[in-house]
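Notes for the one structure printed next.
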Amino acid sequence: DGVVDSEKVKSNNVDVKIEPELEAEEKGAKEEPPRESDSNILDVSSDYPRDKHISIQRHLADLEKLADLREDEKKPCPLCPEEKFKACYSHKLHRHLQNLHWKVSVEFEGYRMCICHLACRPVKPNLVGDQTLSKMGAHYHCIICSATIIRRTDMIGHINRHVNKGETESRFITVRAPKSPYEMVKESATDVQVLPNHSTPQKTDSYFNPKMKLNRQLIFCALAVLAGERKPIECLDAFGATGIMGLQWAKHLRSSVKVTINDCNENSVTMIKENCHLNKMKVKLNINEEDNDETVGDGEENSDTIEVTKMDANVIMHLRSFDFIHLDPFGTSVNYLDSAFRNVRNLGIVSLTSTDISSLYAKAQHVALRHYGCNIVRTEYYKELAARTIIAAVTRAAARCNKGIEVLVTVALEHFVLVVVRVLRGPTPADDSAKKIRYLIHCQWCEERVFQKEGNMVEENPYQQLPCDCHGSMPGKTAVLLGPLWSGPLFNTGFLRRMLLEAVQYGLDEAQPLLKTLVCEAECTTLKHFSTHSPGDENKQEECGVYIKTPNTSAESYLVHGKRKSEEVLRGTAKRQRGEHSAEHPPFYYNIHRHSIKGMNMPKLNKFLTYLSEAGYRVSRTHFDPMGVRTSAPLAQFKTVLMKYSTPTYVGPQAEGPVHLPGEIQVGEEVPAATEIKVEEADEDEPRVAATVLTLSCPSHCTAD
């Protein structure tokens, strides 16, 4: 009577599609007395297929068949004990089944789990033992695991958890239609089989995330650049899952790489082998299973062979040496850094993808301190702060193995942070890299920031290092010490340009716009035209320890086939490139919305970049923030230019304060002579007010006078 209608169970994580299951109607159920159904209750712990409980039906008519409704006879309810509902005629029993059982059911894939009042689950005895049956509670029978749940909302959540785990096959159905347990996914001309619940990594053995396609393309471009330097190279995908990344390496780079895909899970290894067969690749098993090698393919070339291993990632990186290692665990990668740098070859590349976004983006600061040994807070440049936190941990791990690093690529997007570094063997590169780990002084009022000066001497007033004067004008402590962080460059321009060439060559459309942005960000310039037709045009490549082809150099001078370069060549190359090395890009960036002036309309971002460039500062956009500006200008001058070219929201007789021409505006500290802003005088024919200064109360966090 006051009963709500049933709701269909839905899952927010995955879209599960199950073929219609065959109905297994129990023809003898209507002949059995209803109270004898207690003896047919199935054991919860058994895993073999069983008949479904009588409370699980497809239609209301099927439930009425169990009651064997007849107009001239009284029939009991098949789902209620006699103490609760006595036998009655058909019209009353029909209303009882519809209102007390069917309307409060839980639906799942065409089946209705009706409420059951039978003595199916143990009940705690009451103070009076005779009242146990009368106090028997209602419950539901799960169609998947045969568990009994009392509350309807708990039953819906219970079914949702089964769906998230991928457990959508009912163990009650004795006859199932044949169905493949995998789904087919194609990416970059590579076919892989994945589980239906591939997007829930914590609940499944193999994880495949379609949103990480851009990440896989960037890693492929980095490997392709390394394959052009020396052949063949041994590369490792330490966490294979479905094996799609290693398959893309072997399928496109062929004989240039020797691919090893590793995973510690037996089910994932089995899926990797099946995906290798699906892409016509031969599988070479690990040492313990070499006698039972399985091969697929017409040819006998070694380029079509992929080695599949089943061991812990730390173990395989300790046992073998590789030229290229990619780490993509679920969460942080710090547990595998020591093993990765232990045996990686000189001038090799280590790439790692971190997905522990909650700690890196300062949502769980205590976790970042525990994993990375770094103190961070939420700032306007939090994505770059996360990248520098990871690189600092990578640098310390490499230094413990007497190796230095050179950061080639750094990408921080919404759901992952990718860092690609080149390994430089020796104590001298290790010391140089370790010196680039510093603390950062961050002002919490104006978000100005500066790296702490080198040296071990304690300064009496560390606030003097900040360009702002918030400490003098604001009470209390205004700055915090963040870090230790990586203070060196985040990009290598030459390596990024060659990655862009590889992306164009292999048709990786999603990676090309990002790589163009990264090249501009590395050079700290605005977007310009790129030449992607010939790698010989790139004559200035600033990569430590790697000799890059120039127009006057033959190809044989920088391709080393399976051999390391001599110390003399490396030393000469480093000296030559040190002279060609351009100025590093400025650290961190400013968000134009964060520093906008109240009551003023900001200029367009591209125009604002032009204004900063005309003022004599290096400027570029950044991939970390779509409204971010990476510039060499300090925050005070950044606000000066922003206010100069901003227009008031409303100009009229009610506007307070005088109207000044652009030449009369003075904000913050005085502009140095070397970087003095030049303002062209407005034409008399077009008397346009470039900026209007309103007499407003300055915000507490503003540094302007």
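May I ask you to verify whether Arg345 is assigned by the TED database to the domain that holds Ser487 and touching an Asp or Glu at 6+ places or on another chain (Cβ under 6 Å)?
Details: assigned by the TED database to the domain that holds Ser487: yes; touching an Asp or Glu at 6+ places or on another chain (Cβ under 6 Å): yes.
Here the answer is yes, as Arg345 does meet what is asked.
Taking Ala503 as meeting all but one of (1) touching a Ser or Thr at 6+ places or on another chain (Cβ under 8 Å); (2) in contact (Cβ under 8 Å) with a residue 40 or more places away in the chain; (3) outside the structural domain of Ser351 (by the TED database); (4) not aromatic (Phe, Trp, Tyr), write down the number of the exception.
Result: Ala503 passes all but (1).
I'd like the full set of residues that are in contact with a Ser or Thr (Cβ under 8 Å, 6 or more places away or on another chain) and surrounded by fewer than 18 Cβ atoms within 10 Å (Cβ to Cβ), limited to the stretch 604-625.
Correct list: Asn606, Thr610, Ser613, Gly616, Arg618.
Among the residues of the stretch 428-453, count how many are at pLDDT below 95 and closer than 22 Å to Gly348 by Cβ.
Here the count works out to 0.
Could you please give the count of residues in the stretch 503-532 that are open to solvent by less than 20 Å² (accessible area, probe 1.4 Å) and part of a loop (DSSP other than H, G, I, E, B)?
Taking the stretch 503-532 as the starting set, the residues that turn out to be open to solvent by less than 20 Å² (accessible area, probe 1.4 Å) are 503, 508, 511, 515, 518-522, 524.
Still in the running and part of a loop (DSSP other than H, G, I, E, B): 508, 524.
Qualifying residue count for the region: 2.
Would you pick out the residues in the stretch 61-107 that are outside any loop (DSSP other than H, G, I, E, B) and in contact with a Phe, Trp or Tyr (Cβ under 9 Å, 6 or more places away or on another chain)?
Narrowing the stretch 61-107 to residues outside any loop (DSSP other than H, G, I, E, B): 61-67, 75, 88, 90-102, 106-107.
Within the stretch 61-107, Leu63, Lys75, Leu93, His96, Leu100, Val106 qualify.
Within the stretch 454-474, count every residue that is surrounded by 12 or more Cβ atoms within 10 Å (Cβ to Cβ) and not in a helix (DSSP H, G or I).
Qualifying residue count, the stretch 454-474: 5.
Taking the stated definitions as given, is Arg35 open to solvent by 70 Å² or more (accessible area, probe 1.4 Å), over 21 Å from His158 (Cβ atoms), outside the structural domain of Thr148 (by the TED database) and at pLDDT below 80?
Details: open to solvent by 70 Å² or more (accessible area, probe 1.4 Å): yes; over 21 Å from His158 (Cβ atoms): yes; outside the structural domain of Thr148 (by the TED database): yes; at pLDDT below 80: yes.
The answer is yes for Arg35.
Quickly run through the stretch 302-313 and pick out the residues that are open to solvent by less than 40 Å² (accessible area, probe 1.4 Å) and either of a type in the set (Val, Ile, Thr) or part of a helix (DSSP H, G or I) (or both).
Passing the criteria: Ser303, Asp304, Thr305, Ile306, Val308, Thr309, Ala313.
Going by the structure shown, is Leu418 farther than 15 Å from Gly488 by Cα and under 24 Å from the mean Cα position of the chain (by Cα)? Quick ask: steps written out before the conclusion?
Numbers: farther than 15 Å from Gly488 by Cα: yes; under 24 Å from the mean Cα position of the chain (by Cα): yes.
When the stated conditions are applied, Leu418 passes them.
Would you list the strands (runs of 3 or more DSSP E) that sit entirely within the stretch 177-265 and hold 3 or more residues that are within 15 Å of Thr305 (Cα to Cα) and at pLDDT 95 or above?
Working: elements: 183-187, 190-194, 233-237, 257-262.
Once the strands (runs of 3 or more DSSP E) in the stretch 177-265 are filtered for at least 3 residues that are within 15 Å of Thr305 (Cα to Cα) and at pLDDT 95 or above, what remains is 233-237, 257-262.
Given the criteria under 17 Å from Leu418 (Cα atoms), in contact (Cβ under 8 Å) with a residue 60 or more places away in the chain, open to solvent by 10 Å² or more (accessible area, probe 1.4 Å) and among the acidic types (Asp, Glu), does Asp328 qualify? Walk me through it before giving the result.
Numbers: under 17 Å from Leu418 (Cα atoms): yes; in contact (Cβ under 8 Å) with a residue 60 or more places away in the chain: yes; open to solvent by 10 Å² or more (accessible area, probe 1.4 Å): yes; among the acidic types (Asp, Glu): yes.
Yes; evaluated as a whole, the condition is true for this residue.
Looking for something over 34 Å from the mean Cα position of the chain (by Cα) and open to solvent by 30 Å² or more (accessible area, probe 1.4 Å) - is there at least one such residue anywhere in the stretch 481-502?
First, the residues of the stretch 481-502 that are over 34 Å from the mean Cα position of the chain (by Cα): none.
Taking every residue of the stretch 481-502 in turn, none turns out to be over 34 Å from the mean Cα position of the chain (by Cα) and open to solvent by 30 Å² or more (accessible area, probe 1.4 Å).
For every residue, the table says whether it meets (1) farther than 24 Å from Ser146 by Cβ; (2) modelled with pLDDT under 80.
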| position | (1), (2) |
| --- | --- |
| Val9 | no, yes |
| Asp15 | yes, yes |
| Pro20 | no, yes |
| Phe108 | no, no |
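The values are calculated or read from the model by the stated rules, or taken from the named source; none is laboratory data. The structure displayed is predicted, hence computed values, not measured ones. Here the Cβ is made from the backbone with ideal geometry for all residues, glycine too, and neighbour counts use every protein chain on show. Accessible surface is based on the protein model in full, side chains and every heavy atom, while ligands, DNA and RNA are left aside. Shrake-Rupley method; radii C 1.70, N 1.55, O 1.52, S 1.80 Å.
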